[in-house]
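Below is one structure; the comments refer to it alone.
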Amino acid sequence: MSSYILGNDGASPHGEAGKAAGSGGSSYLPEGLPAPLAHPAELYGPYWEGTRAEKLVVQRNSSTGAYQWPPQWIAHDTQTFDLEWTEVAPKGVIYSWTRVWHPVHPALKDACPYIIAVVELPHAGNIRMLGNLLGDPHQEVIIGSEVEAVFEHHDGAEPPYTLVQWRTVARD
Amino acid sequence: MSDRSLRGRVAVAGVGETTYYRHSQAPEPEFVMCLKAILAACEDAGIDPRDIDGFASFSDDRNDPMALSAAIGIHELRFSNMQWGGGGGGVAGALANASAAIVSGLADCVVVYRALAQGQFGRYGQGAQIPGAPREFALSLPYGQMSPAQFFAPMVNRFMFDHNIGQEALRAIAMTSYHHAQANPRAVMYGKPLTEEKYDQSRWIAEPFHLFDCCQENDGAAAIILVSAERARDLRQTPAFVLGAAMGSAHRAPSSPATSFAIPDLATSQFKPVAKRLYAMAGLGPSDVDVVQCYENFTGGVLMSLVEHGFFKPEEAMDFLKLENLVAPTGKLPLNTSGGNLAECYMHGLGLQIEAVRQIRGQSTSQVPEVNVSLAVGGPMSPPVSTILYGSEAAL
């Protein structure tokens, strides 16, 4: 599986990445999962720098304004390379989801079930992002629900990083 | 018919398989199993293995054509080809590539093969155990989305949500494969029937997939020999002619499953444009298909593939996907008649291709009467996907 997922140029070890989040027990999933690497920096640096500052920063075609995510080297709508980074409101709606019951990584052995949500950002060209849906892992997940980003800091990791997680917006 | 077509010009002359094993149970090296499957296909066809002049595979098969051609001692290598993509998305693509080589004169006798011995090279379905995830993998692995079931589940969940499809539809697909495996002594799940209760009570892997919605992992090898239509008519077996084949993906579908969440049309098997080209090349439509082998990485992929190949509308899925409609010989669309990836063997779908050929020859253990058109669909949701139609002489 690992070759199918990662190819032959998988991550090189970067210290003790992901070892421990600073404020103990604040992460949704246990420590020990692969930590995000802002690599290559030209493509992923602005996003991961943004999450550290609790900002959601994505890629946009500077001539057409078309958003694209994940980042790419080239604009898919004009085949040009003049892409820019822009901050978008850290909110969206649940587009789809899964609840994982079978752990496939040792760090998750006692962490199931957990919920993975696909979140669409209607205010940013309907780009989509992934994240865990915070709260009760047994909750009913409703497609179309409004969610807001929660910036999950892993300050104790080396290097430190921040994941974007999601929680349902309470309705009145 | 355009000159730019495979229709009626190439045929499967031979098929071969090793015994299929549970994962990590292979009693001999993967390379040896690969050789034995190829030799079995040659024996089935009645050709000298040294007459093979081309090799085609998919999914980064480890047994490369130079090693195989040197070991077998073929006279001359004219064609070697690997279809891009992981999993079984490329299985029918490998057959299409081999067919194209024969039609274009690059080669005369091409073998398509796949060999797997996970115990010798590592298991599927495990998350990458690495300290850091680069590129797009940083957007999925830290959230615990690390395995094919977890990557594909949101696609199927969205499709089921959009069309109000219940778990019973997935269950019927799983039940069908297990039903047919009970007649197939080659099947790893032979003698291990599945009941609705057993399915319902099985554990979740990643919703909406229960354990029985997920393919097996197996060891073994399979091979298919392709030659020109004229030559196939002079060989031992009833030819299964290639009527059409197609491969590809929809708009902006990356092959990396870690970015699958971003595919503009998320809830698809990727066959919407591909199936259209398949039928156009074959000059046929879904109503002409007598029997279907459809790759089950997960049952939800079969659901979407059947819709996108035109067998029923999404809104009809709950009525269509019932066991009685899917079993040979009486069902209106017999499906996965060997037991498929779920219950015969997961050889990245090459076993399903062989079963499609057996249905044309009349050699299936769950034979459908009077098969003239036999469809074999490669791995859904895993682009580039691929699909192929085989036909009898009467279908030409």
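Considering amide H positions built from the backbone, and no H for Pro or chain starts, which residues 5 or more places from residue B:133, or on another chain, come under 5 Å of its amide H?
For residue B:133, the qualifying residues are A:35, A:37.
Can you tell me which lysines have their Cα less than 26 Å from the Cα of residue A:55? Leave out same-chain residues fewer than eight positions away.
The reachable lysines, counting only those whose Cα sits under 26 Å from residue A:55, are A:19, A:91.
Quick one: which residues, 5 or more positions from residue B:240 or on another chain, have an amide H under 5 Å from its amide H? H modelled 1.01 Å from N in the peptide plane, none for Pro or chain starts.
B:12
Sketch the reach of a paramagnetic label on residue A:80 as a point 7 Å from Cα along Cα-to-Cβ, and name the residues of the range B:239-274 whose backbone nitrogen lies under 14 Å away.
No residue passes the distance filter.
Name the lysines eligible as straight-distance cross-link partners of residue B:276: C-alpha to C-alpha under 16 Å, and not fewer than 8 places from it in the same chain.
Counting by Cα, and skipping residues close in sequence, residue B:276 has these lysines nearby: B:313.
Residue B:142: net charge of surrounding residues, Cβ under 11 Å, Lys/Arg +1, Asp/Glu -1, itself excluded?
Details: positive: none; negative: A:31, A:152.
My count for the surroundings of residue B:142 gives -2.
What is the packing order of peptides B:238-247, B:217-226, taking the mean over residues of other C-beta atoms within 10 Å and listing the highest first? Working shown, then result.
On the way: B:238-247: 25.8, B:217-226: 27.6.
Highest mean packing first, the order is B:217-226, B:238-247.
Take each complete run of DSSP H in chain B, measure how far its Cα atoms stretch along the helix's own axis, and keep only those covering 20 Å or more with mean Kyte-Doolittle hydropathy at least 1.0; list them. Write down the numbers at each step before the final one.
Details: long enough: B:30-45 (23 Å, 1.17); B:148-163 (23 Å, 0.09); B:167-181 (22 Å, -0.22).
Result, helices passing both filters: B:30-45.
Which of the aspartates and glutamates could be linked to residue A:109 by a straight reach, that is with a Cα gap under 16 Å, when you skip same-chain ones fewer than 8 residues away?
Output for residue A:109: A:31.
So which of B:272/B:322; B:198/B:322; B:192/B:272 end up more than 25 Å apart by C-alpha? Present the calculation step by step, with values, prior to reporting the outcome.
Numbers: B:272/B:322 23 Å; B:198/B:322 17 Å; B:192/B:272 35 Å.
Check vs 25 Å cut-off fails for B:192/B:272.
Residue B:3 versus residue A:136, label points 7 Å from Cα toward the beta carbon: distance in nm?
About 6.9 nm separates the two model spin labels.
Ignore the peptide's own chain and count Cβ atoms of other chains within 10 Å of each Cβ in A:92-99; give me the average, rounded. Kindly include the intermediate steps, with their values, before the conclusion.
Details: counts 0, 0, 0, 7, 13, 6, 16, 6.
Across the residues of A:92-99, the mean count of other-chain Cβ atoms within 10 Å is 6.
Please label the shape of the range B:1-73 as rounded, prolate or oblate, based on the square roots a ≥ b ≥ c of the eigenvalues of the alpha-carbon gyration tensor (a/c under 1.5 means rounded; beyond that, a/b larger than b/c means prolate, else oblate). Please report the intermediate quantities before stating the final value.
On the way: a/c = 1.85, a/b = 1.74, b/c = 1.07.
Because a/c hits 1.5 or more and a/b exceeds b/c, the range B:1-73 counts as prolate.
In the neighborhood of residue A:57, defined by Cβ-to-Cβ distances under 13 Å, what is the net charge if each Lys or Arg adds +1 and each Asp or Glu adds -1? It would help to have the intermediate numbers written out before the result.
On the way: positive: A:52, A:55, A:60; negative: A:49, A:54, A:84, A:87.
Net charge around residue A:57: -1.
Under 5 Å between amide H atoms, partner at least 5 residues away or on a different chain: which partners does residue B:294 have, H built in plane at 1.01 Å?
B:336, B:377
Out of all DSSP beta bridges with both ends in the protein assembly as shown, state the antiparallel percent to the nearest 5. Please report the intermediate quantities before stating the final value.
Numbers: 67 of 83 bridges.
Around 80 percent of the beta bridges assigned by DSSP in the protein assembly as shown are antiparallel ones.
Ranked from highest to lowest mean number of other Cβ atoms within 10 Å per residue, what is the order of the peptides B:299-311, B:165-177, B:3-15, B:39-51? Could you put the intermediate results ahead of the total?
Working: B:299-311: 25.8, B:165-177: 23.2, B:3-15: 21.5, B:39-51: 18.2.
Top of the packing list down: B:299-311, B:165-177, B:3-15, B:39-51.
What is the distance in Å between the Cα centres of the range B:30-91 and the range A:113-145?
For the range B:30-91 versus the range A:113-145, the Cα centre distance is 44 Å.
Could you tell me the distance between the Cα centroids of the range B:149-187 and the range B:214-287, to the nearest Å?
Taking the Cα centre of each part, the range B:149-187 and the range B:214-287 sit 19 Å apart.
In peptide A:101-110, how many Cβ atoms from other protein chains are near each Cβ within 10 Å, on average? Intermediate values should be presented prior to the final figure.
Details: counts 9, 11, 5, 16, 8, 3, 3, 3, 0, 0.
Averaged over the peptide's residues, the number is 6.
Sort B:344-356, B:327-339 by the packing proxy (mean of other Cβ within 10 Å over each peptide's residues), most packed first. Provide the component values of the computation, followed by the final result.
Working: B:344-356: 30.2, B:327-339: 22.2.
Most protected by this proxy first, the peptides run B:344-356, B:327-339.
Under 1.5 on a/c is rounded, so check that first for chain B, then, if it is not, pick prolate when a/b is larger than b/c and oblate when it is not; a ≥ b ≥ c are the square roots of the alpha carbon gyration tensor eigenvalues. Don't skip to the answer; put the middle values down first.
Numbers: a/c = 1.44, a/b = 1.25, b/c = 1.16.
Taking the square roots of the gyration eigenvalues as a ≥ b ≥ c, chain B is rounded.
May I ask you to evaluate 6.51 cos²θ - 1.76 cosθ + 1.60, the Karplus curve with θ = phi - 60°, for each residue of the range B:197-206 and list the ³J(HN,Hα) values in order in whole Hz, giving x for glycine and proline?
5, 4, 4, 4, 8, 6, 6, 6, 9, 8
Can you tell me, using C-alpha contacts under 8 Å and at least 6 residues apart, the relative contact order of the range B:23-140 as a whole percent? Don't skip to the end; give the middle numbers.
Numbers: 161 pairs, mean separation 38.9, N = 118.
Result for the range B:23-140 is 33 percent.
Count, for each residue of B:95-105, the Cβ atoms from other chains sitting within 10 Å of its Cβ, then give me the mean as a whole number.
Working: counts 0, 0, 0, 0, 0, 0, 0, 0, 0, 0, 0.
The mean count of partner-chain Cβ atoms within 10 Å per residue comes to 0.
For the protein assembly as shown, report the convex hull volume of the alpha-carbon atoms normalised per residue, in Å³, without decimals. It would help to have the intermediate numbers written out before the result.
Working: hull volume 86.3 nm³, N = 568.
Given the Cα convex hull of the protein assembly as shown, per-residue volume reads 152 Å³.
For the range A:74-82, just list the computed ³J(HN,Hα) in residue order, Karplus coefficients 6.51, -1.76 and 1.60, θ = phi - 60°, integers in Hz, with x standing in for Gly and Pro.
Values per residue, Gly and Pro as x: 10, 6, 6, 8, 10, 6, 10, 10, 8 Hz.
Compare B:250, B:37, B:275 in a GNM of chain B, Cα atoms joined below 10 Å, and give the one with the largest fluctuation.
The residue with the greatest mean-square fluctuation here is B:250.
Residue by residue through the range B:58-64, which ³J(HN,Hα) values in whole Hz follow from phi under the Karplus form 6.51 cos²θ - 1.76 cosθ + 1.60 (θ = phi - 60°), with glycine and proline marked x?
For the range B:58-64, the Karplus-derived couplings read 7, 6, 6, 3, 7, 9, 7 Hz, x marking Gly and Pro.
Please work out the FRET efficiency for the pair residue A:72 and residue B:162, using the Cβ-Cβ distance as r and a Förster radius of 35 Å; give the result to the nearest 0.05.
0.80
For residue B:84 and residue B:48 in one chain, what is 0.36 nm times their gap in residues minus the Cα-Cα distance, to one decimal in nm? Please list the in-between numbers first.
Details: separation 36, 0.36 × 36 = 12.96 nm, distance 2.94 nm.
Roughly 10.0 nm would be gained on extension.
What does the net charge come to around residue B:277 if you take all other residues with beta carbon closer than 14 Å to its beta carbon, with K and R at +1 and D and E at -1? Spell out each step's value before the answer.
Values: positive: B:4, B:7, B:272, B:276; negative: B:308.
So the surrounding residues net to +3.
Given only helices, namely DSSP H runs of n ≥ 4 each adding -39500 (n - 2.57), what is the per-residue ellipticity at 222 nm of chain B, to the nearest 500 deg cm²/dmol?
Computed mean residue ellipticity for chain B: -9000 deg cm²/dmol.
We did not get these values from a lab; they are worked out from the coordinates using the rules stated. Quick caveat, the model's predicted, so the values are computed rather than measured. Quick reminder, even Gly has a Cβ in these numbers, built from the backbone with ideal geometry, and neighbours come from all protein chains shown.
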